Amino acid sequence: MPTHSQLNKQIVRRFNQEVIAEGNLASFQELMDEQFINHSAPPGADNGPQGMIHTFNHILRPALADMKVIIHKQVAEDDLVTTRKTITGTHTGTLMGIPPTDRPVSIDVIDIVRLRNGKYIEHWGINTLPVVLQQLAKKLSEL
């Protein structure tokens, strides 16, 4: 029988595959607590559930064809799961103001999720998206 930590890791893996990689709204609703807080949301941005799904379905997915999430490592303790992952795709749509370059993109991410009753309740994270945006802008200026 899986431990509490193992079950939490499975939930986070499922969220990464079904919600981030696939954009499945039914899975998002099932796995997201309505009181969720994203502590890593940019200042002034929606730090609740709708802000989180907006990032995936209206910013990343339209810009990155064939988007995938590769989980490298997970560590779980109590109600927290830390995940080191890479979000990959091909830059075929506008990404935060940067027109398509048709180049491969890899965004490295480390996030911590707190779960309550099998649902996301809090998130903290860091990622390399700012570096990726700089690299894409540089590639455009070289063309």
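When you go through (1) of a type in the set (A, V, I, L, M); (2) touching a strand residue (DSSP E or B) at 6+ places or on another chain (Cβ under 8 Å); (3) free of Cβ contacts under 8 Å to residues at least 60 places away in the same chain; (4) more than 25 Å from L136 (Cα to Cα) one by one for M1, which number turns out not to apply?
Unmet for M1, out of (1) of a type in the set (A, V, I, L, M); (2) touching a strand residue (DSSP E or B) at 6+ places or on another chain (Cβ under 8 Å); (3) free of Cβ contacts under 8 Å to residues at least 60 places away in the same chain; (4) more than 25 Å from L136 (Cα to Cα): (2).
Filter segment 62-78 for residues that are under 12 Å from G93 (Cα atoms) and either surrounded by fewer than 16 Cβ atoms within 10 Å (Cβ to Cβ) or at pLDDT below 95 (or both) and give the result.
Answer for segment 62-78, where residues must be under 12 Å from G93 (Cα atoms) and either surrounded by fewer than 16 Cβ atoms within 10 Å (Cβ to Cβ) or at pLDDT below 95 (or both): P62, A65, D66.
Suppose the filter is more than 24 Å from T3 (Cα to Cα), surrounded by 17 or more Cβ atoms within 10 Å (Cβ to Cβ) and not polar (S, T, N, Q); does I126 pass it?
So I126 does not fit the description; no.
Counting only residues that are hydrophobic (A, V, I, L, M, F, W, C) and free of Cβ contacts under 8 Å to residues at least 60 places away in the same chain, which one in segment 39-52 is surrounded by the most Cβ atoms within 10 Å (Cβ to Cβ)?
A41
Going by the structure shown, is A21 under 18 Å from M96 (Cβ atoms) and out of contact with any Ser or Thr (no Cβ under 6 Å at 6 or more places or on another chain)?
Spelling it out, it is not the case that A21 is under 18 Å from M96 (Cβ atoms) and out of contact with any Ser or Thr (no Cβ under 6 Å at 6 or more places or on another chain).
Filter segment 95-109 for residues that are more than 21 Å from K85 (Cα to Cα) and among the β-branched types (V, I, T) and give the result.
I98, T101
Quick one: would you say K138 is surrounded by fewer than 16 Cβ atoms within 10 Å (Cβ to Cβ), of a type in the set (K, R), without any contact (Cβ under 8 Å) to a residue 12 or more places away in the chain and under 18 Å from N16 (Cα atoms)?
No.
(1) among the β-branched types (V, I, T); (2) under 25 Å from Q29 (Cα atoms); (3) assigned to a helix (DSSP H, G or I): which one isn't true of I112, the others all being true?
Among (1) among the β-branched types (V, I, T); (2) under 25 Å from Q29 (Cα atoms); (3) assigned to a helix (DSSP H, G or I), the lone unmet condition for I112 is (3).
Return yes or no: is I37 closer than 15 Å to V12 by Cβ and in a strand (DSSP E or B)?
Answer is no for this residue.
Go over the candidates T55, T90 one by one and state the one that is under 29 Å from L140 (Cα atoms) and either in contact (Cβ under 8 Å) with a residue 60 or more places away in the chain or not in a strand (DSSP E or B) (or both).
Of T55, T90, the one residue that is under 29 Å from L140 (Cα atoms) and either in contact (Cβ under 8 Å) with a residue 60 or more places away in the chain or not in a strand (DSSP E or B) (or both) is T55.
Which of the residues belonging to segment 63-87 are of a type outside the set (G, A, S) and not in a strand (DSSP E or B)?
D78, D79, listed by residue number.
Pull out all pairs, ordered by first then second residue, where Cβ-Cβ is under 6 Å, the residues are six or more apart or on different chains, the first lies in segment 16-35 and is modelled with pLDDT of 95 or more, and the second is surrounded by 15 or more Cβ atoms within 10 Å (Cβ to Cβ) and of a type in the set (D, E).
N24/E18; S27/E18
The values are calculated or read from the model by the stated rules, or taken from the named source; none is laboratory data. Note that this is a predicted model, so its numbers are computed, not measured. Cβ sites come from the backbone with ideal geometry, for glycine too, and all protein chains shown count toward neighbours.
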